[in-house]
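Asks: What follows is a structure written as structure tokens; I'll ask about it next.
The values are calculated or read from the model by the stated rules, or taken from the named source; none is laboratory data. Note that this is a predicted model, so its numbers are computed, not measured. Neighbour counts run over all protein chains shown; Cβ positions are idealised from the backbone, glycine included. Side chains included, ligands, DNA and RNA excluded: accessible areas come from the protein's heavy atoms. Shrake-Rupley method; radii C 1.70, N 1.55, O 1.52, S 1.80 Å.
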Amino acid sequence: MSAKVTGGPTHWRANLDELALGVGQLQDATEHSMRLAGEATVAGGLLAGITIMTPQGPLIGANTAAISAGLLAMRAEVEALRTGVDFAVNSYLEAEQQITRVVDAAFTPLALAMSIVGVTTDVNIPNDVYEIAIRGTTGAAWAPVESAFTSLNGVLPGSKYVAGNTIGWMAGFDDNLWDVPPTQRTIGTLAHALGYLGLSQMAPYDTTNITQHPGADGWQRRDAISRDGSLKSMSLLQDYAYDHDTVTVAKLEQPDGSDAYAVIYPGTTPVGDDSEGLLGALGEHTAFGVPGFVESAAADSPYVEATTLKILEQAGVPAGATVIPMGYSQGGAHAMNVGLGQQMKAKYNVSDVLTVAAYTGHRRSDDLETNLVHVEHEHDKVSALTGASNEGRLNRTTIEVQGYPDEEIEAGIFGAEHNLGLIDGQLSKALDDPAVQHATEIPLGKIEQKMGGPVAVQQFHLDRQQAPPTRHPTDPAQTGEPGRSGPQQIIGVRPLDQWLTATMPRR
């Protein structure tokens, strides 16, 4: 095969997802039947009361009781089936995690050595090796810390759980610290430290509509999407993937006359020659610089999601419209987070998400409705940055393309395998393989069928707002409050408004 396909309707994991979906639907039907059973019992009682003086009275009562008893028994059987399915799936996943931990422990030293070779030379190393190296190294770094809290928990029962909740919340995690994978723990705590020092802080975005030559309705008409490479959706993404710090909204006319909207996020903003000092090197003032990476990798892109909602409103996208987040590299991670975001799903129909060369493996979800498609190169280091692979699910498909073209490709800092044009070209070749075509036909087809009509775009430039500078903790001249001690600002991964909401009583 010219590509490895994981997940999707043909993947073995799809059987587990379909079984869980089927049991869920059966449970919903059972609950509906129980409501009918209650109504039947009431009706039967009334009828029995009316016909109490006739021979039919006892018969009606007996039949009503039999119906109710049968439905109650069916409900119990469905609950038992659901419990069994959940246990079987969770047992398998737990066994899979245990195997992963054993493999990581055994192969981390070798994987780390191979990763160093891959980063410092032209030797092509599979991204699976990078994942093991990152996951194993961060896990080893956290092992003594967790061990110390485990020992403390033996002396003070519950202290590890309390510490995990407290530290996790301070670093911006929604889960207990010990439930967060070590790589995400590392990214989050480092971001918290940098934010505390004022070196790199997340903040909301200001947006500016930069649409060129808009019509009276604000949209710029453009040519229909061509299929020069593998897919029309890939072609659309390539048109805007390098428009740095810019979010593009493409209105796609559908065959039935309705509109779908692709929201396109670009890759990481490169550090320019005009960057000043350490803050410039960290991309502090860019939308998708280092703070953008932290937001996407450790905080599920809360500011990008809020900004996207604002952009769609400014563009005139109606509530309930079909929206397709798409992104390349860091933009792909943002697209994944936005596509799974609860605020986004509450307002729009997020039908599909397309990411290319993105680090999305850490983002888990039980969403079985949104069609999630990831395209990667087998040697791309970026897709391994969070030390995790994408789940193979019924609705989550990863296409890992292989090989290189004969002509020389611009390498860039992450190598030629991170080049969007190369990935598109290799995907085009892979789709000529009948096996790859069969495995990807449904997930890719769902996206492609929305790309054929007239297209119009609006573009919005994002500027990260200036986060308030961190003040010296004890210098009255800087704090403006004589005698006040202690840190004046702590901004970690968790957005500032959530800190205030959690610490200030509501009136």
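Asks: Cβ contacts < 9 Å: first residue modelled with pLDDT of 80 or more, restricted to the stretch 178-196; second residue surrounded by fewer than 19 Cβ atoms within 10 Å (Cβ to Cβ) and of a type in the set (Ser, Thr, Tyr), any location; separation 6+ or different chain. Result?
Replies: Short answer, once both residue conditions are applied: TRP178/TYR161.
Asks: Does the stretch 360-392 hold any residues that are in a strand (DSSP E or B) and either acidic (Asp, Glu) or open to solvent by 20 Å² or more (accessible area, probe 1.4 Å) (or both), and which are they?
Replies: Once the filter is applied, which keeps residues that are in a strand (DSSP E or B) and either acidic (Asp, Glu) or open to solvent by 20 Å² or more (accessible area, probe 1.4 Å) (or both), the stretch 360-392 yields only GLU376.
Asks: Next question, about the same structure. Condition first: open to solvent by 50 Å² or more (accessible area, probe 1.4 Å) and closer than 17 Å to PHE149 by Cα. Now tell me which residues in the stretch 176-196 satisfy that.
Replies: ASP179, PRO181
Asks: Still on this structure: Please verify whether VAL304 is part of a helix (DSSP H, G or I), open to solvent by less than 30 Å² (accessible area, probe 1.4 Å), in contact (Cβ under 8 Å) with a residue 12 or more places away in the chain and not aromatic (Phe, Trp, Tyr), treating the condition exactly as stated.
Replies: Details: part of a helix (DSSP H, G or I): yes; open to solvent by less than 30 Å² (accessible area, probe 1.4 Å): yes; in contact (Cβ under 8 Å) with a residue 12 or more places away in the chain: yes; not aromatic (Phe, Trp, Tyr): yes.
Considered against the rule, which asks whether it is part of a helix (DSSP H, G or I), open to solvent by less than 30 Å² (accessible area, probe 1.4 Å), in contact (Cβ under 8 Å) with a residue 12 or more places away in the chain and not aromatic (Phe, Trp, Tyr), VAL304 comes out as yes.
Asks: Just wondering, is there one or more residues in the stretch 210-224 that are within 26 Å of the chain's Cα centre (by Cα), modelled with pLDDT under 95 and not acidic (Asp, Glu)?
Replies: For the stretch 210-224, residues within 26 Å of the chain's Cα centre (by Cα), modelled with pLDDT under 95 and not acidic (Asp, Glu): absent.
Asks: Could you tell me which residue of the stretch 259-271 is farthest from PRO214 (Cα to Cα), considering only residues that are open to solvent by less than 50 Å² (accessible area, probe 1.4 Å) and not β-branched (Val, Ile, Thr)?
Replies: Quick first cut of the stretch 259-271, residues open to solvent by less than 50 Å² (accessible area, probe 1.4 Å) only: 260-267, 269.
With the extra rule that they be not β-branched (Val, Ile, Thr), the set shrinks to 260-262, 265-267.
On the way: ALA260: 19, TYR261: 17, ALA262: 18, TYR265: 20, PRO266: 21, GLY267: 25 Å.
So, considering only residues that are open to solvent by less than 50 Å² (accessible area, probe 1.4 Å) and not β-branched (Val, Ile, Thr), the one farthest from PRO214 (Cα to Cα) is GLY267.
Asks: Pick from ASP243, ASP256, ASP239, ASP228: which is of a type in the set (D, E, K, R) and either buried (at least 22 other Cβ atoms within 10 Å of the Cβ) or not in a loop (DSSP other than H, G, I, E, B) (or both)?
Replies: On the way: ASP243 fails: either buried (at least 22 other Cβ atoms within 10 Å of the Cβ) or not in a loop (DSSP other than H, G, I, E, B) (or both); ASP256 fails: either buried (at least 22 other Cβ atoms within 10 Å of the Cβ) or not in a loop (DSSP other than H, G, I, E, B) (or both); ASP228 fails: either buried (at least 22 other Cβ atoms within 10 Å of the Cβ) or not in a loop (DSSP other than H, G, I, E, B) (or both).
Answer to the selection: ASP239.
Asks: Looking at this structure, is LEU422 modelled with pLDDT of 55 or more and assigned to a helix (DSSP H, G or I)?
Replies: Here the answer is yes, as LEU422 does meet what is asked.
Asks: Please specify each residue of the stretch 410-419 satisfying the condition of being surrounded by 15 or more Cβ atoms within 10 Å (Cβ to Cβ) and either at pLDDT 95 or above or not polar (S, T, N, Q) (or both). Walk me through how you get there before you give the answer.
Replies: Keep residues of the stretch 410-419 that are surrounded by 15 or more Cβ atoms within 10 Å (Cβ to Cβ), which gives 414-419.
Matches in the stretch 410-419: PHE414, GLY415, ALA416, GLU417, HIS418.
Asks: Related question: If you scan the stretch 132-160, which residues turn out to be touching a Ser or Thr at 6+ places or on another chain (Cβ under 9 Å) and closer than 16 Å to VAL180 by Cα?
Replies: The answer is ILE134, ARG135, GLY136, THR137, THR138, GLY139, ALA140, ALA141, TRP142, PHE149, LYS160.
Asks: Considering the stretch 160-175 alone, what residues qualify as being open to solvent by 50 Å² or more (accessible area, probe 1.4 Å) and either in a helix (DSSP H, G or I) or touching a Phe, Trp or Tyr at 6+ places or on another chain (Cβ under 7 Å) (or both)?
Replies: First, the residues of the stretch 160-175 that are open to solvent by 50 Å² or more (accessible area, probe 1.4 Å): 161-162, 165-167, 169-170, 174-175.
Correct list: TYR161, VAL162, ASN165, THR166, ILE167, TRP169, MET170.
Asks: State which residue pairs qualify: first residue free of Cβ contacts under 8 Å to residues at least 24 places away in the same chain and inside the stretch 355-381, second residue β-branched (Val, Ile, Thr) and surrounded by fewer than 24 Cβ atoms within 10 Å (Cβ to Cβ) in any location, beta carbons under 9 Å apart, and separation of 6 or more residues or different chains.
Replies: Partner pairs satisfying both residue conditions: none exist.
Asks: With PRO144, PRO157 as the choices, which residue is out of contact with any strand residue (DSSP E or B) (no Cβ under 6 Å at 6 or more places or on another chain), more than 29 Å from LEU190 (Cβ to Cβ) and either modelled with pLDDT of 85 or more or surrounded by fewer than 14 Cβ atoms within 10 Å (Cβ to Cβ) (or both)?
Replies: The unique qualifying residue is PRO157.
Asks: While we're looking at this one, here's another question. Go through the stretch 341-354 and give me each residue that's in contact (Cβ under 8 Å) with a residue 40 or more places away in the chain and closer than 17 Å to LEU394 by Cα.
Replies: SER351, ASP352, LEU354
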